[in-house]
Amino acid sequence: MKQTQTHNQKPPQRYGMAIDLDKCTGCGACMVACSAENNVPFKEDETNKLLSITWMKVFRITNGREFPHAEVCYLPRPCQHCAGQHEGHSPCVSVCPATATDYSAQTGIVSQIYTRCFGCRYCMGACPYHARYFNWWDPVWPVGMEKSLSPNVSPRMRGVVEKCSFCFHRYQLARDKAYAEDKREVGEAEYQTACAQACPAGAIVFGDLNNPEHAVSRIAQPDRHDHYKSQNPRAFRLLERLGTNTKVYYLSDREWVRKAGDNYLADENPSASTPPKEHA
Amino acid sequence: MDSALIPDGVRRCPLWKFLLGLSVAGAVLLWGVYAMLLCWVKGLNQTNMNDYYGFALWIWADLAVIALGGGAFFTGLLKYVIGKDELKNIINYAVLIGFICYSSALLILAIDVGQPLRSWFIFWHANVHSMLTEVAFCLSCYFAVLTIEYIPLVLENRQLDKVPFFHNLSHNMHSAMAVFAATGAFLSFFHQGSLGGVAGVLFGRPFAFREHILIWPYTFFLFTWSAAAYGPSFTLFITWLTEKITHKKLVKDNVVFLLAKISGWMILTYIAAKSVDTLYWMFQTAPAQGLQWHFFYQNNAFYGKWILFTEIILCGWLPALILVYRPLRERASWRVTAFVLGIIGVSLNRWVMVLQTMAVPVMPFDEWVLYIPSWQEVATTILPVAYGVILIMISYRYLPIFPQEKELNPITIPNGQEPELTTDPQDLAVKTMAVSNSVEEVAAT
């Protein structure tokens with residue numbers, strides 16, 4: 001599962017995302033686009049959000065202060081596609097007993113193999129972001145709607161776990177096309193996630209973090225020698241101190257927003273927090 | 001009516017009474033089976049689990065029964081490997097309780113997975129890095145060992161024992177039992193440990209995560225230790241309960257005192273290690289992740305500091321001290337109180353490591369989520385209890401579970417009546433064979 005690379009070789013692709021929270025308006029277009037693109041099932045009654053499947057979920061966070069100092073921020077949360085402290089040691093991948101979720105060393109994407117998952121839900125317990133969802137029911141589509149389902153994404157049956165795949169089927173299509181066209185590399189614009197394309201504010205930028213020509217790499221400025229920690233002072237990753245080493249970078253000029261991305265002791269300065277420990 | 005099946009020299013309640021008790025436990029069992037079928041046919045939407053509570057009541061029940069069933073492997077280790085021979089008088093019951101606990105755990109797991117027909121994937125597509133894979137392999141193997149340990153007991157039934165093949169098979173299996181006991185202890189070390197590892201490796205969950213030795217988090221060792229410590233207490237508690245229900249003394253005091261003393265010292269050493277682990281987690285592990293330990297016990301309606309006090313002080317240190325202090329250990333009321341506290345303590349430990357782990361928010365903007373199980377979850381959790389009661393009832397009635405029962409409860413024959421002598425030639429032949437085997441054993445030693 002470990003990536004094998006030397007300094008002389010070109011690093012493998014590492015797809016990731018940068019989400020500018022100062023641009024996000026909380027409109028939810030990313031959630032809708034994601035659901036439509038990935039055949040995410042829904043029920044007639046979705047009032048219990050603990051049973052709703054939302055690969056992309058927008059959280060509303062506040063600075064906890066009273067008017068006129070109250071501020072709100074919307075935080076879109078897809079699967080963070082954690083790499084862990086050594087490549088592939090994601091919280092979920094490392095615990096799945098049946099290898100039904102896997103880490104791609106070629107793309108950095110954490111996959112979910114629906115036909116292999118037997119529904120033990122250990123991965124859900126392991127994920128601190130609650131990015132994994134269980135199919136408590138079989139999907140039932142309104143009459144006629146099944147005709148509009150995407151043929152590139154298999155619907156999931158009852159009893160298995162699902163999650164954001166960074167629209168991996170789009171990568172497969174783009175890769176096939178690129179291969180057919182003189183085996184060239186997949187271009188930045190050829191592989192974009194549905195949420196990134198749907199965001200009207202342009203808050204979500206997606207691409208290869210290892211490719212300096214990609215916008216996401218220039219924004220996130222990941223340090224390859226320090227677990228891809230961002231060198232951009234505006235950027236942070238969710239729960240970075242746990243050592244999950246995620247591929248989703250958030251940006252904000254507001255300090256309280258950056259602080260809301262992790263847990264800190266009362267007297268702690270976020271910028272001087274202790275680095276995560278290596279996990280076995 | 002069933003007197004031919006009842007072991008020699010012991011008295012059992014009338015058949016109607018036995019069947020009445022069986023039907024009460026059977027009704028509860030059927031209720032659980034109905035709930036189980038609902039879960040299998042309609043799916044896990046029959047539960048109150050949700051996407052924040054992927055692990056809930058069933059996984060707790062699983063961990064708890066496996067910890068309580070730890071009496072089987074540890075008593076076996078003490079009897080067959082370490083050589084505490086007195087424990088031969090309680091080992092049968094420890095094995096039976098272990099068999100019930102482990103078969104229950106496997107049943108609960110079969111209900112708990114979303115796609116039960118794919119359960120074999122855990123063996124076929126095994127991820128060797130996953131603690132749950134280790135659990136599955138060791139649990140299945142150990143259940144096989146427990147079955148092997150239980151079979152000779154079944155073969156000792158009065159009628160089965162008359163069949164020479166079964167008689168000899170049982171005798172030979174007994175001879176090889178030390179090997180199975182050692183294998184069982186080895187497997188138990190790993191599956192009890194890996195169940196602890198299931199929680200301890202969750203580095204995304206600061207409440208459960210623990211530092212590690214090599215690849216094993218501290219919870220790996222604590223779970224094994226606690227099962228070895230509290231398991232014998234559970235065996236002794238069920239023995240006491242059986243004695244109360246049957247109105248008979250079934251195991252001599254010296255055996256009970258010995259196992260209670262060992263259990264007490266094991267609990268004492270375990271709870272000392274657990275206290276050190278908790279303090280290290282409070283002041284090192286959690287703060288390194290930006291969290292004060294108080295955080296895990298506030299801002300919610302259920303999980304307060306009381307749970308920490310109950311688990312470690314009230315149901316940890318207290319039963320340990322009662323059981324290691326001889327005058328208290330030898331008084332039944334204190335001893336049984338310690339057993340009950342210990343059982344609550346280890347069950348509470350499994351509860352917090354599963355359910356509190358799920359309840360605690362990790363993202364700073366997330367919230368505590370509490371959960372109440374559905375009736376289907378409760379019924380399927382009670383199902384193994386009813387199954388256990390039924391298996392104990394049948395085993396106690398028809399199998400010689402307690403070797404000291406005959407001696408402790410002699411059947412008094414009224415004056416002027418002759419004791420019943422067997423005239424069955426087959427019965428005589430088997431008894432002759434048993435005597436000759438005993439003579440051979442004596443000669444061999």
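The values are calculated or read from the model by the stated rules, or taken from the named source; none is laboratory data. No experiment lies behind these values; they were computed from the predicted model shown. All Cβ positions, glycine included, derive from the backbone under ideal geometry; neighbour counts span all protein chains shown.
For this structure, a couple of remarks:
- Selection over segment A:92-112 of residues that are touching a Cys at 6+ places or on another chain (Cβ under 8 Å) and under 30 Å from A:C27 (Cα atoms) gives a count of 2.
- Flag: A:D226 does not match the condition of being outside any helix (DSSP H, G or I), closer than 21 Å to A:H81 by Cβ and within 11 Å of chain B (Cβ to nearest Cβ).
- Any chance B:L22 is without any contact (Cβ under 8 Å) to a residue 24 or more places away in the chain and either of a type outside the set (S, T, N, Q) or under 30 Å from B:T183 (Cβ atoms) (or both): no
- In summary, strands (runs of 3 or more DSSP E) completely within segment A:101-174 and bearing 1 or more residues that are more than 23 Å from B:P116 (Cβ to Cβ) occur at A:101-103, A:110-112.
- Evaluating B:I66 against the criteria (1) within 14 Å of chain A (Cβ to nearest Cβ); (2) touching a residue at least 12 places away in the same chain (Cβ under 8 Å); (3) part of a helix (DSSP H, G or I) leaves one unmet condition, (1).
- Leading residue by the ranking (surrounded by the most Cβ atoms within 10 Å (Cβ to Cβ)) among those in segment A:11-26 that are of a type in the set (D, E, K, R) and over 13 Å from A:F166 (Cα atoms): A:D20
- Checking segment B:292-303 against the condition returns a match, with at least one residue being in contact (Cβ under 8 Å) with a residue 24 or more places away in the chain, small (G, A, S) and in a loop (DSSP other than H, G, I, E, B).
- Positions within segment A:131-141 being under 17 Å from A:K247 (Cβ atoms) and within 9 Å of chain B (Cβ to nearest Cβ), in sequence order: A:R132
Matching residues to (1) in contact with a Gly (Cβ under 7 Å, 6 or more places away or on another chain); (2) touching a residue at least 40 places away in the same chain (Cβ under 8 Å); (3) surrounded by fewer than 22 Cβ atoms within 10 Å (Cβ to Cβ); (4) within 12 Å of chain B (Cβ to nearest Cβ):
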| site | (1), (2), (3), (4) |
| --- | --- |
| A:Y114 | no, yes, yes, yes |
| A:M124 | yes, no, no, yes |
| A:Y129 | no, yes, no, yes |
| A:G144 | no, no, yes, no |
| A:L149 | no, yes, yes, no |
| A:R156 | no, yes, no, yes |
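- Out of B:I271, B:I262, B:I267, sole residue that is crowded, with 23+ Cβ neighbours inside 10 Å and over 30 Å from B:W368 (Cα atoms): B:I267
- Members of segment B:138-160 that are within 14 Å of chain A (Cβ to nearest Cβ) and free of Cβ contacts under 8 Å to residues at least 40 places away in the same chain: B:S140
- Inspection of segment A:241-258 finds no residue satisfying the criterion of being in contact with a Gly (Cβ under 8 Å, 6 or more places away or on another chain), surrounded by fewer than 21 Cβ atoms within 10 Å (Cβ to Cβ) and hydroxyl-bearing (S, T, Y).
- Within segment A:27-57, being within 12 Å of another protein chain (Cβ to nearest Cβ), more than 24 Å from B:F203 (Cα to Cα) and either within 12 Å of the chain's Cα centre (by Cα) or not in a loop (DSSP other than H, G, I, E, B) (or both) holds for A:K49, A:L51.
- The residues in segment A:174-199 that are over 22 Å from A:K247 (Cα atoms) and either within 14 Å of chain B (Cβ to nearest Cβ) or not basic (K, R) (or both) can be counted, and the count is 6.
- The set of residues in segment A:58-82 being of a type in the set (G, A, S) and away from every other protein chain (no Cβ under 13 Å) consists of A:A70 alone.
- Options B:A260, B:A301; residue that is more than 30 Å from A:P270 (Cβ to Cβ) and modelled with pLDDT under 95: B:A301
- Scanning segment B:40-55 for residues that are surrounded by fewer than 21 Cβ atoms within 10 Å (Cβ to Cβ) and closer than 30 Å to B:A228 by Cβ returns no hits.
- Just one residue in the set A:R224, A:R184 is loosely packed, with under 13 Cβ neighbours inside 10 Å, of a type in the set (K, R) and in contact (Cβ under 8 Å) with a residue 40 or more places away in the chain; that residue is A:R224.
- Residues (touching a Leu at 6+ places or on another chain (Cβ under 8 Å) and either within 14 Å of another protein chain (Cβ to nearest Cβ) or closer than 17 Å to B:L222 by Cβ (or both)) located in segment B:277-306: B:D277, B:T278, B:P287, B:Q289, B:G290, B:L291, B:Q292
- If you go through segment B:174-185 and keep only what is in contact with a Phe, Trp or Tyr (Cβ under 9 Å, 6 or more places away or on another chain) and either in contact (Cβ under 8 Å) with a residue 12 or more places away in the chain or surrounded by 14 or more Cβ atoms within 10 Å (Cβ to Cβ) (or both), you end up with B:M177, B:A178, B:F180, B:A181, B:A182, B:T183, B:G184, B:A185.
- For segment B:358-388, a residue qualifies if it is assigned to a helix (DSSP H, G or I) and crowded, with 19+ Cβ neighbours inside 10 Å, and the qualifying residues are B:M358, B:A359, B:Q376, B:E377, B:A379, B:T380, B:T381, B:L383, B:P384, B:A386, B:Y387, B:G388.
- Residue, modelled with the highest pLDDT, within segment A:250-277, restricted to residues that are farther than 25 Å from A:Y74 by Cβ and more than 10 Å from every other protein chain (Cβ to nearest Cβ): A:D267
- Residue in segment B:45-63 that is of a type outside the set (F, W, Y), under 30 Å from A:K163 (Cβ atoms), within 14 Å of chain A (Cβ to nearest Cβ) and without any contact (Cβ under 8 Å) to a residue 24 or more places away in the chain present: yes
- Only one of the listed residues (B:L117, B:L107) is within 14 Å of chain A (Cβ to nearest Cβ), surrounded by fewer than 22 Cβ atoms within 10 Å (Cβ to Cβ) and assigned to a helix (DSSP H, G or I). That residue is B:L117.
- Only one entry of A:A201, A:A178, A:A189 meets the criterion of being part of a helix (DSSP H, G or I) and small (G, A, S), and that entry is A:A178.
- Candidate set from segment B:274-304 (those that are more than 18 Å from B:L202 (Cβ to Cβ) and of a type in the set (F, W, Y)); member that is surrounded by the most Cβ atoms within 10 Å (Cβ to Cβ): B:Y297
- Residues of segment A:91-115 satisfying the condition of being of a type outside the set (S, T, Y) and either touching a Phe, Trp or Tyr at 6+ places or on another chain (Cβ under 6 Å) or under 20 Å from B:L195 (Cβ atoms) (or both): A:P91, A:C92, A:V93, A:V95, A:C96, A:P97, A:A98, A:G108, A:I109, A:V110
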